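Encoded as structure tokens, the structure appears first; notes follow it.
Derivation of every value follows stated rules applied to the coordinates shown; laboratory data play no part. In this text the structure is predicted, and so the values were computed from the model without any measurement. Neighbour counts run over all protein chains shown; Cβ positions are idealised from the backbone, glycine included.
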Amino acid sequence: MELLEILNRLISINSVSGQEKKICLWISKFLKRKGFAVEMQEVENERWNILARKGNPKILFFGHVDTVPPVEFWRKNPFKMDIEGDKAFGLGTWDMKGSLAAIMFNAQHAENMAILFTVDEEETSMGSWAVIEKKEFFRGIELIISGEAGNTPKTYGGFGHFTTGRHGVKDYEITKRLEAGHAATQDQEWVNWLCNSMKTFPEMKSKIVVRNFHATSKGFSIPEKAEMDLDVIIHPSEKDFDFDSFLVNHFKTRKDYVKRKTSYLSPYSFEGHPQILRIADLFEKRFGKKPEYYLGTSNGDENVLATLGIPILISGMEGRNEHDANEWVSIKCLKEVSSYYKMIIENDVPTTEAVLAPEQDKPENPAP
């Protein structure tokens, strides 16, 4: 199948997180026909990770098959690829079915290749937490190539866009006891408390995001409490910072963790790792340009895979509007990245003794 033909087929299959059954079955059948040994690891009822291998590869290509639900205001059917100039539109084209298509396109002719596709990345990464328990599958793997864009607020992925790490995340629920009273006589000092608290965060590389704020009262009264949901987007250099104590002291209140099914995601960085530098050198020699390095400002399955200690290079294609209407990927960049993946497969030879990477400590999971 041609590259755009594969992408069109992937887009046509609804794989909103929780509904990955059909796409997993199709991809599994595709890879088996190309001579891959395929294992389907059930994560939940009819939701499978796809673990595929052919030959004796040292590099693992990674992606997730699920998408977010389509939002309103799509101009056309989000489950039908629509091409306008260099743009291929469709739900998940950039996040991340374009990269899945590039990986699968190259799988058709590869003699030596490992592939891992997971479910549930758009929710709580249940698929990746499940797959890291299968240590034997990762034996001998020296590098993981992720097809995510690895974009930041000012970049959009693309050919030569190398992301070598990602931020982590923790979610908090903040509850503040307020001085309630009659609205005609009591000052609303809690408004000043909120404004001052949000303006006086110390200088840090991590980011604190208010996702929700709620304070209500009955009758003509001042609210008795305020509730906030916060995301702390943790920079790798501040992974050991005590955000728990900081939030309690800063807001002068108590905190709880937002409950989730899986562990929170720790930040990681493989900047300067020899395996990544080797790929960068191959890239420059083949394509005549130096890659540009970034730290991803989001988080996802790569944070989980990083606990294996295997270096991860995120390198996908350029696009726009992930998690929004009219998502698209650049066709030119899709073809460029596909040729770059082909180069990696052709140079997939061991550079160190193949051993199972040591497992790092898993992030603490405060949720029951």
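For the chain, the longest principal axis of the C-alpha atoms and the axis of helix 189-199 are separated by about 30°. Given +1 at the Cβ of Lys and Arg, -1 at the Cβ of Asp and Glu and no other charges, the dipole of the chain around its Cα centre is 680 debye to the nearest 20. Contact order for the stretch 191-320, expressed relative to its length and based on alpha carbon pairs under 8 Å spaced 6+ residues apart, stands at 18 percent.
Considering only 293, 60, 251, and ranking their Cα positions along the charge dipole of the chain that arises from unit charges at the beta-carbon of Lys, Arg, Asp and Glu, the one farthest toward the positive end is 60.
Using C-alpha pairs below 8 Å separated by at least 6 residues, the relative contact order for the chain is 25 percent.
Cβ crowding within 10 Å, taken as a proxy for footprinting-reagent exposure, orders 32, 176 from fewest neighbours to most as 32, 176. Taken over the alpha carbons of the stretch 1-156 as equal point scatterers, the Debye sum produces base-10 log I(q)/I(0) values at 0.08, 0.09, 0.10 Å⁻¹ of -0.22, -0.28, -0.34. Each 5 Å bin, from zero up to the one with the longest distance, holds this percent of the alpha carbon pairs of the stretch 2-51: 5, 20, 28, 24, 18, 5, 1.
Of the GluC sites (Glu not before Pro) found in the stretch 75-182, the ones in coil according to DSSP and having at most 16 other Cβ atoms within 10 Å of their Cβ are 111, 123, 133, 179. Going from the residue with the fewest nearby Cβ atoms within 10 Å to the one with the most, 228, 204, 113, 317 rank 204, 228, 113, 317. Just the number, please: Stokes-Einstein D of the stretch 293-337 in µm²/s, Kirkwood Rh from C-alpha pairs, 37 °C, 0.692 mPa s. It comes out at roughly 259 µm²/s. Angle of helix 98-107 to the longest C-alpha principal axis of the chain, folded into 0 to 90 degrees and rounded to 10: 20°. Among the listed pairs 289/332; 22/335; 58/335; 32/170; 207/290, a Cα-Cα separation exceeding 28 Å is found for 32/170; 207/290.
A straight line joining the Cα centroids of the stretch 261-282 and the stretch 182-199 runs 44 Å.
Shape summary of the chain, radius of gyration then Dmax from alpha carbon positions: 22.6, 78 Å.
Applying both filters, DSSP loop and at most 15 other Cβ atoms within 10 Å, to the trypsin sites (Lys or Arg not before Pro) of the stretch 273-316 gives 289.
Relative contact order of the stretch 168-257: 47 percent, from C-alpha pairs under 8 Å at least 6 residues apart in sequence.
As a proxy for reagent exposure, ranking 109, 250 by other Cβ atoms within 10 Å from fewest up yields 109, 250.
Once divided by 2.2 N^0.38 Å, the Cα radius of gyration of the stretch 168-257 becomes 1.21. Once the chymotrypsin sites (Phe, Trp or Tyr not before Pro) in DSSP loops with at most 14 neighbouring Cβ atoms within 10 Å are cut out of the chain, the longest remaining piece is 221-368.
Under a straight-distance cross-link criterion of Cα-Cα below 16 Å, which lysines are reachable from residue 176, leaving out those fewer than 8 residues away in the same chain? Counting by Cα, and skipping residues close in sequence, residue 176 has these lysines nearby: 225, 252, 255.
Length, then width, then depth: along the principal axes, the Cα atoms of the stretch 271-352 run 45, 32, 19 Å.
Taking Cα atoms only, the orientation of helix 274-287 departs from the longest principal axis of the chain by about 60 degrees.
Each Lys and Arg Cβ is given +1 and each Asp and Glu Cβ -1; about its Cα centre, the stretch 168-257 then shows a dipole of about 80 debye.
Farthest towards the positive end of the charge dipole of the chain, among the residues 157, 268, 331, is the Cα of 331, using unit charges on the Cβ of Lys, Arg, Asp and Glu.
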